[in-house]
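First up is the structure itself, then whatever we jot down about it.
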Amino acid sequence: MNEVHHSYDRILNFVLFKVVSVRATLDADWEDLAIWTVAYCCFGALYLIGGLARDHLESLRLSPAQSGVRWGFVGLMASLIALALGLGALSLVLLRPLFSILCIEALTILFDVGQTLVKYAAYAWDSDSTESWEARSDAVLMCEFATDICILVLTLLHYSHILVINGVTLNIVSALVFFNIRSIASKLYRKTRKLVAFRKAVESMKCRFPDASKEDIIRFNDRCSICREVLMTAKKLPCDHLFHRSCLRSWLVRHLSCPTCRITLSGGDVGQWVSSSSNSALETSEHGSDLVFAAANPR
C-alpha cells in the first residue's frame, strides 16, 4: 500500500512539473503537444518504474537477508538504463530542437537508476559474503550524495534553461518556474552542507576514537554487540569496548553512551562529531528523482 501511495504522489508531481515545463517552453500547436506528451509519457513511465524499484529495494533491505542475486531486478535496472539512453538518442535524431531538454530527463533517469543499482549491488554482496564489508555504508552514502547532487544540478539547469526560453515575465508560469528553482536550489544547498558535515564527521571520528589493533581484537574475543557480526577491524572506546566503525557511528547519532556498558561518553570524546552527524543525511528518506518531484511539496 505504501508503494501505491508513493507511486500516486510521483505521478501527480511529475505531471504538474511537466505541464509547467511545456507551458513555459513553447506555444504549442497540436502536433508539438502530441510529441511532448508522448516523450514525457515515456520518461514518466521510466521514472515510475525506477521509483517502484527503489521502494522494493528499501523493503528488501529491511527484511531478513536473502542469499543470491535477483537477476530479474538487475535486468530491470539495466533495461531502464538502456531505454533512457535510447530515448535520449532518439530525441537527438528526431527531436533535435527538444534535445537539450529531453537529454536532461534521460541523464536524470540514468543517475536515479544507477543509484538504485549500486545500492542493490552492495546489498547483494553483503548478503552473500561471509565477510563483513565495513565500508559498505560509507560507499552507499557517498553514492547517494554524488547521484543526488548530480540530479539536483541537472534539474536546476533544466529550470534555468526554461526560464531563459520563457523570459522573465509577470505570469503564473514564470512564478511556478521561480518557485521550482528556489526549491531545487534549497535542496541542493542542504544536500551539499550534509555532505560536508558527513566528511567532517568521518574525519573527526578517526581522530577521537582510535582503531583497535589486532591484539585488541584478539583480546576482546567477541562480536560487535550492535550488529553481532565478527570484528575484523574496529573502533575502540575509552571503556575498551570494540565496535565496527559504521555501527558505532550510527549508534552515536542517537546515544552518547557505550552500547555495551552504557558509560557516558563526554563531549571531549564525541565533541563536534555528534553535533555534525545529527544534522547529516543519514536519516533522509528522499533520494534520486524523489528529491526533485517532492519539491512540489515544500517542507
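The values are calculated or read from the model by the stated rules, or taken from the named source; none is laboratory data. Keep in mind it's a predicted model, so treat the numbers as computed, not measured. So basically every Cβ, Gly included, is an ideal-geometry build from the backbone, and we count neighbours across all protein chains shown.
Structure above, values below:
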| quantity | calculated |
| --- | --- |
| Selection status of ARG182, within 21 Å of PHE14 (Cβ to Cβ), surrounded by fewer than 18 Cβ atoms within 10 Å (Cβ to Cβ) and without any contact (Cβ under 8 Å) to a residue 24 or more places away in the chain | yes |
| Unmet criterion (only one of (1) in a helix (DSSP H, G or I); (2) at pLDDT below 80; (3) surrounded by fewer than 17 Cβ atoms within 10 Å (Cβ to Cβ)) for ALA121 | (2) |
| Odd one out for SER79, checked against (1) modelled with pLDDT under 90; (2) part of a helix (DSSP H, G or I); (3) surrounded by fewer than 16 Cβ atoms within 10 Å (Cβ to Cβ); (4) hydroxyl-bearing (Ser, Thr, Tyr) | (1) |
| Output for the range 221-243, where each listed residue is within 28 Å of the chain's Cα centre (by Cα), closer than 18 Å to CYS207 by Cβ and of a type outside the set (A, V, I, L, M) | THR233, LYS235, PHE243 |
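For every residue, the table says whether it meets (1) over 24 Å from CYS143 (Cα atoms); (2) assigned to a helix (DSSP H, G or I); (3) in contact (Cβ under 8 Å) with a residue 40 or more places away in the chain.
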{"position": "LEU157", "(1), (2), (3)": "no, yes, yes"}
{"position": "VAL164", "(1), (2), (3)": "yes, yes, no"}
{"position": "ALA197", "(1), (2), (3)": "no, yes, yes"}
{"position": "LYS206", "(1), (2), (3)": "no, yes, no"}
{"position": "SER225", "(1), (2), (3)": "yes, no, no"}
{"position": "SER246", "(1), (2), (3)": "no, yes, yes"}
